[in-house]
1. Tell me the relative contact order for chain B as a rounded percent, counting alpha carbon contacts under 8 Å between residues six or more apart.
2. What does DSSP give for chain B in terms of the percent of beta bridges that are antiparallel, rounded to the nearest 5?
3. Read phi for every residue in the stretch B:237-250 and hand back ³J(HN,Hα) as whole Hz from Karplus 6.51 cos²θ - 1.76 cosθ + 1.60, θ = phi - 60°, with x for Gly and Pro.
4. Where does each of A:Cys99, B:Cys266 land when they are ordered by accessible area, with a 1.4 Å probe and the largest first?
5. Taking each residue in A:236-243, count the Cβ atoms of any other chain within 10 Å of its Cβ, then average. What number comes out?
6. With every protein chain left in place and a probe of 1.4 Å, what is the accessible surface of B:Thr168, to the nearest 10 Å²?
7. As I understand it, the dipole of the protein assembly as shown uses +1 on the Cβ of Lys and Arg and -1 on the Cβ of Asp and Glu, about the Cα centre. Which of A:Met10, B:Val260, A:Ala196 lies farthest toward its positive end?
8. Amide H to amide H, which residues 5 or more places from A:Val152 or on other chains are under 5 Å from it, using H placed in the peptide plane?
Amino acid sequence: MQGNNAHRQMEALQEAVAKVDGRHASFARRARSRGHNDGSIVDFDIAAIDGVFKGGFPAFALHEVRCSLTRDIGAATGFLAGLLAGCMQQRQGRIVWICDPACRLDGGQLFPAGLAMFGLDPARLVVVQPVDLKAALWASDEAAKCQELAGVIFQVKGNPRNFDMTATRRLMLKAQQNGQFIAILRQGGEEEANAAATRWHVRAQPSMVDPDIQRGIGLLQLNLVLERNRHGQTGHWTIAWNQKTHGFEHAPTHYVDRPALSSDRSDGAPQMGQVMAFERAS
Amino acid sequence: MRLVAVDACGREAGLRMDQTLSDARALFPDLDVFDHDPAADAVLLSAIAAWCDRYTPLVALDRSCQSDGSAAAVHCAGLLLDITGCSHLFGGEEAMLLDVVGRLRAAGLMASAAIADTPGAAWAFARYSDRQIITSGDHQRQLLDLPLISLRLDLPMLDMLKKLGLRTIGCIADLPRAPLAARFGNGLLQRLDQALGRQEEAISPRLPVPELSSERVFAEPIILQDDIERTVGQLAGHLRQRFDERQLGARALELKLFRVDGHVACVRVRAASPVYSIDRIVMLFRERIAGFHDDLEAGFGFDLVRLNVLESEARQSEQGEMTGGSMRGEGFSNLVDKLGARLGTDRVQRFVAAGTHIPERSFGLLPEASCGQKDAGAQAVLWRQDNHGHEGDGPAVLTRPVILFERPEQVEAIAEVPDGPPVRFRWRRTLYRIERSEGPERIACEWWRDGRGGYSRDYFRVEDDQGYRFWMFRLGLFERETGNPKWFMHGIFA
């Protein structure tokens, strides 16, 4: 009983410290202290998103971030960089970024200064550029085997046939065994069935209006659809990146199309005005 | 058309070099004639040089004659092997010479060879004498009988000497040096001294000498990949002792496979950290060979396998083993080695910062395997400082995109003059309407690199009506630098 009290007090103090240092209170920065302290479970610190993950967002698993159009790659990369930076807070080690050759043709390349702005240290990245998809798949498999890596990002274009259920399931198992954050960054692809724990669809959205600057660009906003979630429900949100606090925050949109269907369920996410239904719940 | 080379049968039939083709055909109507191809000759010669690596690491292409394609140049083609300290491995000088000549003759090459104390003397005896092995110290006396052409002299000088009645080396060896030099220049004396050993002559080997090397000769050639791997393991085992004595590890290794028919295959690997354990060296070569997609032609098998250490480095302290667990960082460098061996080391890279503000030059990608562990720390600090600058009183918005185009792409843009943001632009055949924009952020040219007239860039962050955010710049200041500035797309924001 006493221990429990002390524990709670400790948590409260940590919370207070975190509030002073605003950065730590923000997105995905705080590993849950109950039970695991290894960073395997992270919080988004956005009530609406944390609500759909029963037991927290599993960092050490296979995730997929995809965008439909080639020009959305910026939005998808930015979201993944923020997500990765959040998940890597507790984990030491390098991150391997494997780039399918098809992505390099028209997609440009990663800009380290831009990644650093999302809190991701570019010096941690190892960029692997194989000559063909087969080699890229082999490289991702080898990287997932390495226990000292903190994360593996596999960037593919479209839906290659040999990157199927079996390949993704293997990655998922390795991620769970070795404690790695493994993500597929799919550029311009369709949604397809695979073993990923979550699948996010990211689209750029007009930025928040900045009242101080006329016609200026405010906080950047992303349209986020959680298309697949093995640990709970799916959802649809608009999030904004706050450079001051260095984290994503919920950006309530001013329109509500329809009441969310899923929020009527008893075990659903807490009702939020801005949660809206979408047609493609998987 | 003239003959540049004649084989033994041709010589018997009375043909000689520099003869016109019509004369030769008149002498011998059934003559087989082939076009002279100096490039192919050079390729063949360097292939033979690669094969000669089996005898000594110091193999030099003979460059004493100009390769101008003349008859003399063809005749001069040859190789110089420095066999100091190597001959006992082949059972003495005589056995070694017989082995070299025998194998080359078996391959269909009419080779002649000689062993002497100096490169110049060996060159002379190989071409103008029947004596093949000149005992040490004896070459000065033996050389005296040889013709002057064996001193590697050019044709005008030979003509001049011939007119004076000087025909053998013995004629000029004892002449007073000053008048010789005054009449013929220093070239003649230099060649004479080099042949006689009065002046040092260095040969320039085609390859650097490996730091360590281990080899194995097979009586029965090996073909299977398993056998090659096992051999690599054995050779690495030999090297292991040397590594331990010197506390070294290899950063770059080379496996040379000498095929029975004379072809030499060379497989190189690089390691991210000094390797010395047998398993890791074998693993590196296994991945490298697997990455070839069966390009390693075994043919009739390899009869000599050699493992060279091209680059070595002092080992890092092995403190990790004290705690019992595996060494920290070993798994990662293993992975880098494995990826680098299969995909090529230049495809496994890391970001390094560069000291410039021009975005596409502000960072570079260097092979991970060539960066030491120490660099990693320095780089990390550099990026983080950059990051802190923006976290503090820096802008509250993202000022740099996450995706950058290596080469900025030109767009058709409509913009306000002189320095307004674009209003509309067409990029990759799509029209974008700008709703909001911020800028400009001016990045001036680096005059010490681009030249003084280089245009400065005005960067704008723009957002279109769909919410896509781009990083664009105008090249050149309107009217001050150019009348018609161009617009470029350089990056995509999140």
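The values are calculated or read from the model by the stated rules, or taken from the named source; none is laboratory data. It should be emphasised that the depicted structure is a prediction, and the values quoted were computed from it without experimental measurement. Backbone-built Cβ (ideal geometry, glycine too); neighbour counts: all protein chains shown. Ligands, DNA and RNA are stripped out before the accessible areas are found, and what is left, the full protein with its side chains, is counted by its heavy atoms. Shrake-Rupley method; radii C 1.70, N 1.55, O 1.52, S 1.80 Å.
1. 8 percent
2. 95 percent
3. So the J values, rounded to whole Hz, are x, 5, 5, 3, 4, 5, 4, 5, 4, 9, 6, 10, x, 8.
4. B:Cys266, A:Cys99
5. Averaged over the peptide's residues, the number is 2.
6. 40 Å²
7. A:Met10
8. Long-range HN contacts for A:Val152: A:Val96, A:Phe181, A:Ile182, A:Ala183.
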